[in-house]
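Read the structure below first, then the notes.
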Amino acid sequence: MAAIAGPYARAFADVVFEAHLNARDVQKQLDDFVAAWRESADLREVFLDPSFPADQKVSILDKLNTRLGLSAQVRNFIAVLIQHDRLNMLDEVLTEYRREVNQRLGISEVHVTSARLLEADERRGIEQKVAKMTGTQVQATFHEDKSLLGGVVVRVDSTVYDGSVKGRLDRLKAQLAS
């Protein structure tokens, strides 16, 4: 799906950066649309129904926009997804868009999984270490997984740093087995 979502995401990121829009404001507008999308089963049904013409769907989008206050660029982006029958891929396109924007802004998305809930200073410490290691700003999300037994697993893009007790035990088991 990324093969289809990626070009839409990159094209929209190009529009956002060329128009010098605030990426956070654009993300907020996209989040507002997604919230309306998720709240209304009727809206999803109409937008995803192939028997409704795209022009009618865009007209509904424009009526919805009177409440949401989307910028012209965000409105046009959603209209393009509607016209190309890609609104069913909205989540994938927006995920790719966030990745693209973060990459252009020098922000690494980091997923940290720990055996226990981390204190604020521990979180900051991990974020600082990852920022130093990657040379980028860090946008981290933290999760808890008691099966790790201890330590943390840090994923930066497709690279995984496993410092968990479970990971160490698994590596030791593999060494002993060979």
Count charges around TRP37 for me, please; just the other residues with Cβ under 12 Å from its Cβ, Lys/Arg as +1, Asp/Glu as -1.
-4
Regarding the chain, what are the three Cα extents along the principal axes, ordered largest first, in Å?
64, 34, 29
Normalised alpha carbon radius of gyration of segment 2-103 [divisor 2.2 N^0.38 Å]
1.01
DSSP loop trypsin sites (Lys or Arg not before Pro) in segment 74-121 with at most 14 other Cβ atoms within 10 Å of their Cβ, which ones?
ARG116
If one computes the Cα centroid of segment 8-72 and of segment 124-178, what distance in Å separates the two points?
36
Taking amide hydrogens as modeled 1.01 Å from N in the peptide plane, which residues meet the under 5 Å criterion relative to VAL138, leaving out close sequence neighbours?
SER108
Nearest 10 degrees is fine. How inclined is helix 165-177 to the longest principal axis of the chain, computing both from alpha carbons?
60
Most exposed to least, judged by fewest other Cβ atoms within 10 Å, HIS20, HIS111, HIS143 sort to HIS20, HIS143, HIS111
Nearest 10, in degrees from 0 to 90: the angle of helix 23-39 to the longest Cα principal axis of the chain is 80
Given 10 Å bins starting at zero, what is the percent of C-alpha pairs of segment 107-177 in each, up to the one with the largest pair distance?
21, 49, 24, 6, 0
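Readers should treat all values here as calculations from the given coordinates under stated rules, not as data from a laboratory. Owing to the predicted nature of the structure, the values given are computational and were not obtained by experimental measurement. Cβ sites come from the backbone with ideal geometry, for glycine too, and all protein chains shown count toward neighbours.
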